[in-house]
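Here's the structure we're looking at; comments come further down.
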Amino acid sequence: MSTDTDSEDIELFNMTSEKRPLVPEGSVVYETVDSTTHVQNGHTPGETPGTPKFIYILSFFAAIGGFLFGYDTGVVSGAMLLLQPEFKLDSVWEEMVVSATILFACIFALVGGPLNDRFGRKAVTVTASLVFTGGAVLLGVAQNKIMLLIGRSILGVGIGLASMTVPVYIAECAPIHQRGRLVTINNLFITGGQFVASVLDGAFSYDKKNGWRWMLGLAAVPSAIQFIGFLFLPESPRWLIKQGRINEGREVLQKCRGTIDVEEELNAVRESCEENRRMMDDAGSENVFLKILRTPAVRRAVLVGSGLQLIQQVSGINTVMYYSATIIKMTGVRDTSLAIWLAAVTAGVNFIFTILGVWLVERIGRRPLILGSLLGVLVSLVVLAVGFQLAAFHSPPVTFTESNGSCSSYSWCEDCTENKHCGFCYVELGKSRVNGSCVAVATNLTDGAAWGRCDSDSLPPNLVWASDYCPTDYSWMGLLGLVLYLMFFAPGMGPMPWTINSEIYPLWARSMGNAISTATNWIFNLAVAMTFLTLTESITKYGTYWLFVGIVFCGFLFIVAALPETKGKSLEEVETLFQGSVCPGFSRKLHKTQNST
C-alpha cells in the first residue's frame with residue numbers, strides 16, 4: 001500500500017522539478033519548463049514523444065519467451081520423425097510426448113496468474129526461462145522414454161508461465177503509442193521461433209541418430225540468454241505501484257518513457273490502484289476469480305479475451321503448424337524431405353507476414369486488423385476445403401487385388417489411405433496412375449507394404465507406395481490454401497488475441513484474466529492437436545476444413561459484436577470499454593458519434 005512518505009515525495013518532486021534524477025545514457029530527456037509545458041529536443045507538446053532504446057531492449061528480452069513458445073511448437077513435428085524409431089514409440093507414447101508440453105502449459109498458465117500477483121512479472125519470467133533451460137538440457141541428453149516425457153513436461157511449465165506473463169509485462173511497460181506494436185513483437189518472435197525450428201528440423205534430419213538431440217537441446221540457448229538478460233531488467237512499473245513501491249515505479253517509468261516527467265501517468269496508475277484496492281477491500285477475502293465473475297465489466301472482458309484465444313485455436317492454426325508437413329503430403333507431395341522443407345517455407349511466410357501485423361497494429365487499430373485477418377482466413381480455408389474435396393472426388397481407383405485382407409475391400413485410394421493401417425500401391429506412367437492396389441502397412445516402423453509389390457524400401461522406378469496420401473492433380477490448391485491461410489492469419493489472428501488480452505483487464509484482474517485466457521488458448525490448442533487427424537479420418541479431410549469454415553464464420557460474428565477498439569487508449573482508459581454495453585463492438589460507432597458532438 002502507499003504511504004504518507006510516498007505522497008510527500010510526489011509533492012516535493014513536483015515542487016522542485018528542476019532537480020532532475022539521473023536518466024540512463026541514451027534516453028530522451030524532457031526539459032521541464034512548468035507543470036504543463038514540456039519541450040523535447042525542440043518539439044512542441046502536441047507531438048508524439050520519441051521511444052527510448054531501453055523499451056526496445058526490454059521488449060526484446062521479454063519476447064524471447066515467445067520465441068521459445070514458437071520454437072517448441074515448431075520443432076516437435078520434425079523431432080518426432082527421429083524419436084519414433086530411436087525409442088520405438090508407439091502411437092500412445094507419441095501422443096504423450098507431444099501432448100505433455102501442452103497439458104503442463106495449460107496448467108501453469110493458470111498457476112501463473114496468482115504467481116504474477118504475488119511475486120511480480122519479472123520473477124515469474126526469470127523462473128520460466130530457468131525452468132525451460134533445464135527442460136531443454138534434459139531432452140538433449142535423454143536416454144529413455146521416461147526422460148523424454150519428463151523433459152517435455154518441464155518445457156510445458158516454462159512455456160505456460162512465459163506465455164501469460166510476457167504480453168502483460170510488455171504492455172505494462174510500453175508507452176501508449178507503441179504498446180500494440182511492442183506486444184505484437186512477442187508474436188513475431190513466436191513465428192520466428194517456428195521458422196527457425198522448421199529450418200533446424202530440415203538441417204538435422206539427416207543425422208538419424210542424434211539429430212533430435214540438437215533439435216530439442218538447442219532451445220536451452222535462447223532461454224539461458226533470457227534468464228541472464230532479465231536479471232538486469234526492472235519489474236513492471238504498474239506492479240510496483242500496486243505494491244505501494246511508488247519511488248521504484250517512478251524510476252522504472254522514467255526509464256521506459258525516456259523522461260523525468262511521468263507524474264501524470266504515475267498518478268493515474270496510482271488512482272486506479274487505489275480504486276482497485278477499495279473494490280477488493282469491499283469484497284473482503286473474496287477470491288480474485290470469484291470477484292471477476294461478480295464484476296460485469298471484467299466478466300465481459302474475460303469472455304471477449306478468452307473468446308479471441310478460442311477462435312485463434314479452433315480456426316485451424318495448429319493443424320497448419322503441427323501438421324504442416326502432413327498436410328503437404330496429403331495434397332499429394334510424396335517425398336518426405338520435400339514436404340519438410342515446404343513446411344519450412346510456410347513457416348517463413350508466417351514469420352514474414354507477422355512483421356506486417358507489427359507495422360499495421362498502430363496504424364489501423366486492433367479491431368480492423370483482426371476482422372480483415374479473419375475474413376482472409378475464411379477464404380483460405382474454403383480454398384483448402386475445395387482442394388481436398390476435388391482431390392477426394394478424383395481419387396485413383398483400386399483396380400488390382402494383391403491379398404484377401406481387410407484393406408482389399410476399398411475401391412478408391414481416398415478410402416484406402418484414410419485407414420491408417422492401409423496404403424495405396426500403384427504404377428505411375430507419366431501423369432497417369434494405374435494398377436492401384438490397397439495393401440496393409442508394414443508394422444516395423446519402416447516405409448513399405450506388409451506384402452506384395454510395395455513390400456520393400458527400394459521400389460522399381462515406376463512403382464509408388466503411398467501410405468498417408470493419394471496422388472492428385474490438385475496439390476497446388478492445398479499449397480495455395482496453406483500459404484494464403486498464413487498470409488492472412490499471421491498479421492491479425494496470430495498476434496491480436498495476445499495483444500488485446502494484455503490491455504483489456506484492470507490491474508487487479510490483469511494477471512488472473514490473462515491466466516484464464518491463456519489457459520483457454522492451451523486447452524483448445526490441445527483439443528485441436530489431439531483431434532485433427534481423428535477428424536480427417538472420421539469426416540474426411542475436406543469435411544474437417546468445411547467444419548473450420550463454419551467455426552471461423554461464427555467467430556467473425558462474435559468479434560464484430562463483442563470487440564471494441566483499444567488503439568490509442570491508456571491501460572486505465574481501456575478498463576472502461578466493457579462497462580455498459582454487452583456488445584461494445586456494435587456500439588462503437590455510437591460512442592464515436594456522441595464524443596464528436
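Some notes on this structure:
- Annotation: extensible slack from Trp476 through Met80 equals 139.9 nm (criterion: 0.36 nm per residue apart, minus Cα-Cα distance).
- For Tyr410, the solvent-accessible surface with a 1.4 Å probe is about 70 Å², rounded to the nearest 10.
- Summed side-chain charge close to Val141 - residues other than Val141 whose Cβ falls under 15 Å, Lys, Arg +1, Asp, Glu -1: +3
- Only protein heavy atoms count here; under a 1.4 Å probe, Trp451 has an accessible surface of about 110 Å².
- Extension gain from Phe232 to Met530, taking 0.36 nm per residue of separation minus the Cα-Cα distance: 103.3 nm
- Virtual spin-label span in nm between Glu428 and Glu264, 7 Å along Cα→Cβ: 6.7 nm
- In this Cβ point-charge picture (+1 for Lys and Arg, -1 for Asp and Glu), segment 112-221 has a dipole of about 100 debye about its Cα centre.
- Counting heavy atoms of the protein chains alone, Met80 has an accessible area of about 10 Å² for a 1.4 Å probe.
- 11 Å cut-off, amide nitrogen to a point 7 angstrom out along Lys420 Cα→Cβ, residues in segment 89-109: 90-96
- Inter-label distance for Glu274 and Val141, nm, one decimal - labels placed 7 Å from Cα along Cα-to-Cβ: 5.5 nm
- The 1.4 Å probe gives accessible areas that order Asp201, Asp117, Asp473, Asp90, largest first, as Asp473, Asp90, Asp117, Asp201.
- Pairwise inverse Cα distances across segment 437-502, averaged and inverted, put the Kirkwood hydrodynamic radius at 15.6 Å.
- Positive-pole candidate from Ala527, Trp476, Met493, dipole of segment 425-532, charges at beta carbon: Met493
The values are calculated or read from the model by the stated rules, or taken from the named source; none is laboratory data. All of these numbers come straight from a predicted model, not from anything done at the bench. Glycine also receives a Cβ, built like all others from the backbone with ideal geometry; neighbour counts cover every protein chain displayed. Quick note on the areas: whole protein, heavy atoms, side chains included, nothing else; ligands and nucleic acids left out. Shrake-Rupley method; radii C 1.70, N 1.55, O 1.52, S 1.80 Å.
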